[in-house]
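Take a look at the structure set out below.
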């Protein structure tokens with residue numbers, strides 16, 4: 001019985017004894033774009049991406065030599081360009097409206113990072129998978145904080161009211177980590193952030209459009225430094 005107790009205690013203590021925390025800073029220039037869907041009556045379409053930028057602090061909590069839980073706090077840029085068609089105007093063709101949407105999120109990731117053994121001196125490859133939740137802190141439509149809808153009686157609304165109050169993403173990525181010194185490491189990688197939440201908080205609510213879906217996607221270059 002004593003042997004069993006000490007064995008279980010050793011197994012419980014071992015991960016804690018190994019646990020190691022590494023803190024770093026990361027910047028992520030990215031291309032963001034919008035995935036859209038709607039009925040043909042409004043015909044929402046993605047119309048190209050935009051250059052975005054993100055950055056912040058992250059933490060890798062190692063619970064094994066090659067396994068770490070990753071989280072942090074980031075300011076992340078998302079959005080893109082879209083077009084849609086307005087209702088028929090008497091005696092005229094249906095006008096096509098373009099919007100450029102830029103959203104800045106405060107984002108918290110929760111991912112697992114899996115590291116290989118050294119593939120070259122002081123160099124390891126990592127794979128990252130998980131998710132994130134984000135909250136919009138600034139929004140602009142066509143470069144402005146307010147949007148005037150010329151097809152809705154020139155009604156003016158805050159750009160921030162056009163997007164939903166929370167976003168969630170699936171994250172997948174890979175990269176390389178290089179050991180510079182005893183506790184200093186460089187990392188470089190690529191990641192894809194797949195938005196799960198319909199951002200639209202305007203067209204269905206204010207315009208009566210049905211079944212409009214607008215979601216974020218981001219492809220990012222991740223550059224970081226651990227201390």
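Of the numbered criteria (1) over 23 Å from the mean Cα position of the chain (by Cα); (2) at negative phi, the one residue 167 fails is (1).
The residues of region 200-221 that are in contact with a helix residue (DSSP H, G or I) (Cβ under 9 Å, 6 or more places away or on another chain), within 19 Å of residue 85 (Cβ to Cβ) and outside any helix (DSSP H, G or I), listed by number, are 200, 202, 209, 210, 211, 212, 214. Take residue 49 and decide whether it is in contact with a strand residue (DSSP E or B) (Cβ under 8 Å, 6 or more places away or on another chain), on the phi > 0 side of the Ramachandran plot, surrounded by 12 or more Cβ atoms within 10 Å (Cβ to Cβ) and modelled with pLDDT of 90 or more. The answer is no for residue 49. Looking across 137, 163, one residue alone is surrounded by 19 or more Cβ atoms within 10 Å (Cβ to Cβ) and in contact (Cβ under 8 Å) with a residue 40 or more places away in the chain. It is 163.
The values are calculated or read from the model by the stated rules, or taken from the named source; none is laboratory data. From a predicted model like this one, the values you see are computed outputs, not experimental measurements. Don't worry about glycine lacking a Cβ; one is built from the backbone with ideal geometry, like all the others, and counts go over all protein chains shown.
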